[in-house]
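Shown next, in structure tokens, is the structure this report addresses.
What follows is calculated from the coordinates using simple rules that are stated; it is not laboratory data. Source: prediction; values computed, not measured. Note: ideal-geometry Cβ built from the backbone for every residue, glycine included; neighbour counts use all protein chains shown.
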Amino acid sequence: MSTVRLARETKETKIELAINPKGKGNISIETGIPFFDHMLTGMAKHGGFDLTCTATGDLDVDYHHTIEDVGIVLGDAVKQVISDGRGIRRFAHAIIPMDEALAQVALDCGGRGYLVYSGTFGSRTLGNIPPDLFEHFFYTLCIHAGITANISFTGRNDHHQCEAAFKAFGIALGEAITKNEKTKDIPSTKGTF
């Protein structure tokens, strides 16, 4: 699969995104939300896929629409990367430490969007972002991509917990969408997702 490019424009946001699962380290994220850019960059870098994203949104209102719409577009793009699932590994997991924090992510790219999210942040904001928006981002991404994800994290430092979760998600996603050299079949006993 080559690069998937998608765009979405609403009265609240304008998103342009490209993802290439066979990445060469081309990452450029500009959402107007520096901490979110940092998280997405870590996800793509450690996931081994190219990711470019430019977003403009009503940040004067709050960050919700921009973060949600990036999740929508990224999820739709990942769904196109997965396509019918033929030849991908489908399942993957990652356990990532960052100092005192530990994040665990397990993914099934089998066409059913679902999220189990376990972990809490101690601060009211994280990089000026309300912490509940991170769960909402992953939920939106998973529903649009057709990914079942189980994300859990622990620790004392909110930055470390969040960054470990994004990196673990990226690593698991990169593995799950990688071609399985043993088969070109759809990885499902049903024969379809």
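Quick look at the values:
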read-out: Sequence-distant residues sharing a close amide H with Ile27 (under 5 Å, placed H); value: Leu51
read-out: Local electrostatic count at His144 - Lys and Arg +1, Asp and Glu -1, tallied over other residues with Cβ under 14 Å; value: 0
read-out: Length-normalised contact order of the range 41-149 in % [C-alpha pairs under 8 Å, at least 6 apart]; value: 32 percent
read-out: Taking Thr56, Thr13 and counting other C-beta atoms within 10 Å, the order from fewest to most; value: Thr56, Thr13
read-out: The range 18-83: relative contact order as a whole-number percent, Cα under 8 Å and 6+ apart; value: 36 percent
read-out: Gaussian network model of the chain, Cα within-10 Å springs - most flexible of Thr54, Thr125, Thr31; value: Thr125
read-out: Normalised contact order of the chain, rounded percent, pairs of Cα under 8 Å and 6 or more residues apart; value: 27 percent
read-out: q = 0.15, 0.16 Å⁻¹, the chain: log10 I(q)/I(0) [Debye, one scatterer per Cα]; value: -0.84, -0.96
read-out: Selected from Val4, Ala103, Ile33, residue furthest toward positive end of dipole (the range 1-126; charges at beta carbon); value: Val4
read-out: Shape of the range 1-65, Cα gyration tensor, a/c cut at 1.5; value: oblate
read-out: Rounded to the nearest 20 debye, dipole of the range 4-176 from Cβ charges on Lys, Arg, Asp, Glu; value: 740 debye
read-out: Span-like helix ranges in the chain, DSSP H, alpha carbon extent 15 angstrom or more, Kyte mean at least 0.5; value: 64-82, 132-145
